[in-house]
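Taking it in order: structure first as structure tokens, then the write-up.
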Amino acid sequence: MKRILFSIMLTGCVMLPAITIAQTGVDPDPVKSAQNRKANEEREKAQAAQAAKNAPAPVNTKAGPVTVSGTPVVVSTPPTNSSKRKFIDPANMDLSVKPGDNFYLYANGAWIKKTPIPSSKTRWGSFDALAEESSQALKSLLEDASKDPGKNELMKRVGDYYASAMDSAAIEKLGYKPIKPYLDGITALSSKAQVLKQVNYLRSQSITSPLYRIGVGQDAKDVTKYIISIGQGGTTLPDRDYYLKNDTRSQKIRTDYTAYITKLFTLTGETTVKAMANAVTVMQLETAMAQAQMSRVEMRDPTKLYNKFSVEGLTAKTPNLNWASILPELGYKTKQDSVIVSNPKFMVFIDSLLSKVSLDDWKVYLKWGVLKNAAPYLSSEFVDANFAFNQSLSGQKEQTPRWQRMSGLIDNQLGDLLGQLYVDKYFNQAAKARMLELVNNLSTSFDSRIKKLDWMSEVTKQRALAKLHAFVKKIGFPDKWKNYDGVIIKRDDFYGNLQRCSQWQYNDNVSRLGKPIDKTEWGMTPPTVNAYYSPQKNEIVFPAGILRFPFFDFEADDAINYGGIGAVIGHEMTHGFDDQGRQFDADGNLQDWWTKTDADEFKKRADEVVQQYNGYTILDTLHVNGKLTLGENLADLGGLSIAYEAFKKTKQGQSTE
């Protein structure tokens with residue numbers, strides 16, 4: 001029966017409605033709150049340690065770096081009180097279906113039949129229900145912070161930003177005035193040389209990112225250093241296939257996209273005829289760029305994406321783009337000897353466009369970049385037009401409530417400020433210790449699985465084990481918070497706040513050049529309901545937002561927690577060894593550490609998974625692209641297997657009850 005219950009957790013039978021969160025006020029003194037958080041952490045850990053006295057001996061907690069505060073302790077799950085919550089609810093199961101015929105429907109069938117997808121969502125499941133709960137928590141925090149921000153200037157900025165974002169009347173009154181200076185500046189351009197200057201200006205001001213992508217990140221082959229990376233971009237639709245495929249849906253999306261471009265231009269005063277002509281220009285330019293882009297499958301190969309050029313060498317390939325002058329104009333003051341270019345052919349194509357496309361067409365293209373980026377944050381006409389087009393892409397029936405869109409925006413831009421409020425109020429500090437125990441137990445199971453592989457040589461096994469034990473484990477929230485120095489938030493200037501926060505993020509990224517790698521940085525904010533593996537940092541990260549029911553609960557037994565968060569842990573661990581992750585070594589460098597024979601054996605097995613998923617039909621004749629989804633498929637399969645094996649080593653997993 002425990003095997004069945006564990007499997008039900010894995011298939012998602014716990015997808016329940018969002019849980020109501022207690023709504024209390026925000027502490028007006030976050031400094032004091034941080035002190036209280038530390039005291040609570042020590043108290044909760046002491047309580048957890050007391051509860052763990054009768055638990056089995058823990059696995060070695062020194063398997064790899066851990067970013068949990070204080071001394072790690074092993075916490076056993078408190079006894080389950082089934083009267084409080086049904087962790088496995090038979091009402092969600094379809095017992096008329098035989099598990100061996102269709103386990104998914106057996107575990108979830110009744111829930112699927114009685115649970116509609118909310119009108120403002122495009123999907124609904126465990127992640128979505130918990131994300132909704134997290135969103136409601138942020139709403140409560142932001143509303144309280146906007147009413148009573150306290151004396152701390154850092155927290156006041158969060159409240160003032162939310163107040164400005166929810167002031168619909170002021171936003172409505174402005175129309176498109178916040179972006180008019182940028183549009184006027186583009187209109188005034190009189191030469192292609194000025195076009196290039198404007199491209200650099202708009203990018204450096206975080207207004208729009210024309211033509212290509214650029215940013216600072218770790219050098220994949222020397223992760224101890226930061227380097228500038230340049231990649232394909234310039235288009236608006238989610239993927240190049242939207243421009244190139246000729247099926248009925250793709251054609252409709254392009255028609256709707258053209259109408260959307262036309263609509264936004266008319267909202268800025270262009271005649272319908274001129275707006276329609278602008279839409280044709282944008283579509284022609286973006287389609288040409290899409291044709292030069294790599295496919296998503298091609299971009300899954302990190303080796304293909306690593307093309308190092310000297311600054312002079314890149315300029316030689318793209319003579320219309322003098323990178324020695326472009327980089328300083330973009331804010332890169334630290335002189336660079338080299339850059340990484342993910343798709344050199346694309347950059348050569350962009351260079352050729354600069355001489356072929358007319359000045360007027362470039363002005364239209366740049367204006368469109370300003371309009372599309374700003375549309376979700378301007379007056380209702382722009383917001384509604386933006387949603388209408390997104391409906392064509394996603395099928396979403398109703399627009400996401402404004403408070404939810406704005407809380408998500410602030411979480412994205414000031415996530416470490418809002419994250420402190422979230423952790424203070426909603427995160428159980430003892431969850432860090434319990435999570436560390438689970439992570440280490442799964443690592444032990446992963447270790448034994450690697451050792452038992454009959455197709456991998458001993459030399460590759462030892463390197464794989466070294467990588468596994470080098471995983472950095474980040475749980476809950478960062479050890480070091482960003483404070484967004486210099487960001488000015490005004491209670492009556494929503495678009496200005498948006499732009500200044502975007503500018504801060506851009507400058508923060510640019511400023512990394514020449515500095516040591518920041519190993520404390522997180523790629524997700526604490527309230528995020530998700531987790532990730534970073535190959536270049538060789539780290540697995542679990543934000544506070546996902547450490548809640550239905551993935552994790554102190555009152556649940558091991559079958560629940562291993563089937564919930566355990567599967568997530570195993571999933572992220574497996575990413576370190578999937579078709580992409582396996583190409584990075586224990587230090588995070590892009591380096592082939594496999595023998596050729598072992599690499600061939602891996603590819604042979606991975607290809608079988610590709611073929612398996614290629615055979616799955618999503619809808620009608622639409623099949624899964626097994627090559628595109630390979631990494632996630634391997635992580636799902638590996639994560640479930642590792643979590644189940646780890647569960648079987650627990651006292652409950654070994655019982656026959």
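Six or more apart or on different chains, Cβ atoms under 6 Å: show the pairs whose first residue is in segment 341-368 and closer than 26 Å to Gly217 by Cβ and whose second is of a type in the set (Ser, Thr, Tyr) and crowded, with 18+ Cβ neighbours inside 10 Å.
Once the first residue is closer than 26 Å to Gly217 by Cβ and sits in segment 341-368, its partners that are of a type in the set (Ser, Thr, Tyr) and crowded, with 18+ Cβ neighbours inside 10 Å give Met347/Thr318; Asp351/Thr318.
Filter segment 339-356 down to the residues that are surrounded by 18 or more Cβ atoms within 10 Å (Cβ to Cβ) and β-branched (Val, Ile, Thr), then identify the one that is farthest from the chain's Cα centre (by Cα).
Ile350
Within the group Met406, Met456, which residue is modelled with pLDDT of 95 or more and part of a loop (DSSP other than H, G, I, E, B)?
Met456
Which residue out of Leu442, Leu414, Leu436 is of a type outside the set (Val, Ile, Thr), under 26 Å from Met166 (Cα atoms), open to solvent by less than 10 Å² (accessible area, probe 1.4 Å) and under 24 Å from the mean Cα position of the chain (by Cα)?
The conditions single out Leu414.
Look at Gly419 and say whether it is assigned to a helix (DSSP H, G or I) and touching a Pro at 6+ places or on another chain (Cβ under 8 Å).
Details: assigned to a helix (DSSP H, G or I): yes; touching a Pro at 6+ places or on another chain (Cβ under 8 Å): yes.
For Gly419, the condition - assigned to a helix (DSSP H, G or I) and touching a Pro at 6+ places or on another chain (Cβ under 8 Å) - is met.
If I ask for residues that are under 26 Å from the mean Cα position of the chain (by Cα) and of a type in the set (A, V, I, L, M, F, W, C), which ones from segment 623-652 would you list?
Val624, Leu628, Leu630, Leu634, Ala635, Leu637, Leu640, Ile642, Ala643
I want to confirm something. Restricting to segment 246-303 and keeping residues that are touching a helix residue (DSSP H, G or I) at 6+ places or on another chain (Cβ under 8 Å) and acidic (Asp, Glu), which single residue is least open to solvent (accessible area, probe 1.4 Å)?
This residue is Glu286.
Given (1) at positive phi; (2) open to solvent by 60 Å² or more (accessible area, probe 1.4 Å), identify the lone condition not met by Ser190.
Evaluating Ser190 over (1) at positive phi; (2) open to solvent by 60 Å² or more (accessible area, probe 1.4 Å) leaves (1) as the failure.
If you go through segment 155-162 one residue at a time, do you hit one that is open to solvent by 20 Å² or more (accessible area, probe 1.4 Å) and modelled with pLDDT of 95 or more?
No: segment 155-162 contains no residue that is open to solvent by 20 Å² or more (accessible area, probe 1.4 Å) and modelled with pLDDT of 95 or more.
Identify, from the list Lys451, Lys425, the residue that is open to solvent by 50 Å² or more (accessible area, probe 1.4 Å), within 28 Å of Val568 (Cβ to Cβ) and at pLDDT below 95.
Lys425 is the lone residue from the list that is open to solvent by 50 Å² or more (accessible area, probe 1.4 Å), within 28 Å of Val568 (Cβ to Cβ) and at pLDDT below 95.
Against the conditions (1) surrounded by fewer than 19 Cβ atoms within 10 Å (Cβ to Cβ); (2) under 30 Å from the mean Cα position of the chain (by Cα), where does Asn108 fall short? Just the number, please.
Answer for Asn108: the failing condition is (1).
Answer yes or no as to whether Ala567 is touching a residue at least 60 places away in the same chain (Cβ under 8 Å) and more than 24 Å from the chain's Cα centre (by Cα). Let's see the steps before the verdict.
On the way: touching a residue at least 60 places away in the same chain (Cβ under 8 Å): yes; more than 24 Å from the chain's Cα centre (by Cα): no.
The answer is no for Ala567.
Within segment 395-409, can one find any residue that is buried (at least 21 other Cβ atoms within 10 Å of the Cβ) and among the polar types (S, T, N, Q)?
yes
Farther than 30 Å from Gly369 by Cβ and either modelled with pLDDT of 95 or more or open to solvent by 20 Å² or more (accessible area, probe 1.4 Å) (or both): which single residue out of Pro178, Pro99 fits that description?
Unique residue meeting the criteria: Pro99.
Could you check segment 610-642 and list, in sequence order, the residues that are open to solvent by 90 Å² or more (accessible area, probe 1.4 Å), within 28 Å of Ile565 (Cβ to Cβ) and not in a helix (DSSP H, G or I)?
Of everything in segment 610-642, those that are open to solvent by 90 Å² or more (accessible area, probe 1.4 Å), within 28 Å of Ile565 (Cβ to Cβ) and not in a helix (DSSP H, G or I) turn out to be Tyr616, Ile618.
Filter segment 574-602 for residues that are over 27 Å from the mean Cα position of the chain (by Cα), assigned to a helix (DSSP H, G or I) and not hydroxyl-bearing (Ser, Thr, Tyr); which is surrounded by the most Cβ atoms within 10 Å (Cβ to Cβ)?
Asp598
Quick one: in segment 75-95, of everything that is surrounded by fewer than 16 Cβ atoms within 10 Å (Cβ to Cβ), under 13 Å from Ala556 (Cα atoms) and small (Gly, Ala, Ser), which residue is modelled with the highest pLDDT?
The qualifying residue modelled with the highest pLDDT is Ser83.
Surrounded by 14 or more Cβ atoms within 10 Å (Cβ to Cβ) and touching an Asp or Glu at 6+ places or on another chain (Cβ under 8 Å): is that true of Ser229 in this structure?
Considered against the rule, which asks whether it is surrounded by 14 or more Cβ atoms within 10 Å (Cβ to Cβ) and touching an Asp or Glu at 6+ places or on another chain (Cβ under 8 Å), Ser229 comes out as no.
So, of the residues in segment 493-539 that are charged (D, E, K, R) and more than 29 Å from Asn200 (Cα to Cα), which turns out to be surrounded by the most Cβ atoms within 10 Å (Cβ to Cβ)? Steps first, please.
In the first step, residues of segment 493-539 are kept if they are charged (D, E, K, R); the result is 493, 500, 508, 512, 515, 518-519, 521, 537, 539.
If we keep only those that are more than 29 Å from Asn200 (Cα to Cα) as well, we get 519, 537, 539.
Working: Lys519: 13, Lys537: 21, Glu539: 23.
Among those that are charged (D, E, K, R) and more than 29 Å from Asn200 (Cα to Cα), it is Glu539.
Just for segment 606-646: of the residues that are in contact (Cβ under 8 Å) with a residue 60 or more places away in the chain and of a type in the set (D, E, K, R), which one is farthest from His575 (Cα to Cα)?
Filtering first and then ranking leaves Glu645.
Which ranges mark the helices (runs of 4 or more DSSP H) fully within segment 104-186 that have 3 or more residues being under 24 Å from Phe382 (Cα atoms)?
Of the helices (runs of 4 or more DSSP H) lying wholly inside segment 104-186, those with at least 3 residues that are under 24 Å from Phe382 (Cα atoms) span 153-165, 168-174.
The values are calculated or read from the model by the stated rules, or taken from the named source; none is laboratory data. These numbers come from a predicted model, not from an experiment. Virtual Cβ from ideal backbone geometry, glycine too; neighbours counted across all protein chains shown. Note: accessible area is taken over every heavy atom of the protein model, side chains too, but ligands, DNA and RNA are not part of it. Shrake-Rupley method; radii C 1.70, N 1.55, O 1.52, S 1.80 Å.
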